[in-house]
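Just so you know, all these numbers are worked out from the coordinates, no wet-lab data involved. Everything quoted here is computed from the prediction, not taken from an experiment. Neighbour counts are summed over all protein chains in view; Cβ atoms, including those assigned to glycine, are modelled from backbone coordinates with ideal geometry.
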Amino acid sequence: MIAIIAVLILMLLPAAMRAKSKARSICCNCNLKQIGLGARQWAIDHTNGYPMNVSIEFGGTKEYIALGETFRHFEVMSNELNTPLILVCPADADRTPARSFTPGINNSNVSYFAGLEASETEPQRFLSGDRTIFKGVRPGDGVVGLTTNSFAGWSVDLHHGYINVGLADGSVQGYSSNRLREALGNTGLATNWLQLP
């Protein structure tokens, strides 16, 4: 009897793990969707530019790019995002969700990159997505350039071979490596500049 129960548990365990992984990926998609909607709301009040394209003088975060403070791009949208909990992917065990936007939020409270060239007029550009899109040594300022034929790849730890990306049109896509190359080409940019937290 115990052996039968043990065998049943062993048979059901992989299915339960896949379901848990799928749930985390769906929650990550929801987070990116909320970030996209918050960014669009923020842009309406700020000359239709996303925070990373608008100077600090006008309420944006453009000057923070050189400092490597990716969290600032999300922090400035605190009214639109409502909670910093959505800045951490549930599958990202290396990040700690912040309970409030102030005080003390930093890059360790963010799982998502910021697309530095995101634009409402170019809907296929990358606005945000899993920070693991770049696998390699993170530059001091966190800024990396991705092209269709020379990106370093990503860690498969979070979503089992897929990466979630929020586009400037507000949609969220799950990309395999081949689909990511295609999506990079669809942005209309030779190089897609992203800032990693």
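List of remarks:
- Matching the structure-derived Cα extents along the principal axes in Å against the labelled list (1) 71, 40, 29; (2) 55, 46, 35; (3) 52, 36, 26 gives the label (1).
- Applying 1/(1 + (r/R0)^6) with r as the Cβ-Cβ distance of N178 and D45 and R0 = 41 angstrom yields a FRET efficiency of 0.60.
- Calculated FRET efficiency, E122 to D94, Cβ-Cβ distance, R0 = 30 Å: about 0.45 to the nearest 0.05.
- Per residue, the chain reaches -10500 deg cm²/dmol at 222 nm when only DSSP H runs of four or more residues are counted, each adding -39500 (n - 2.57).
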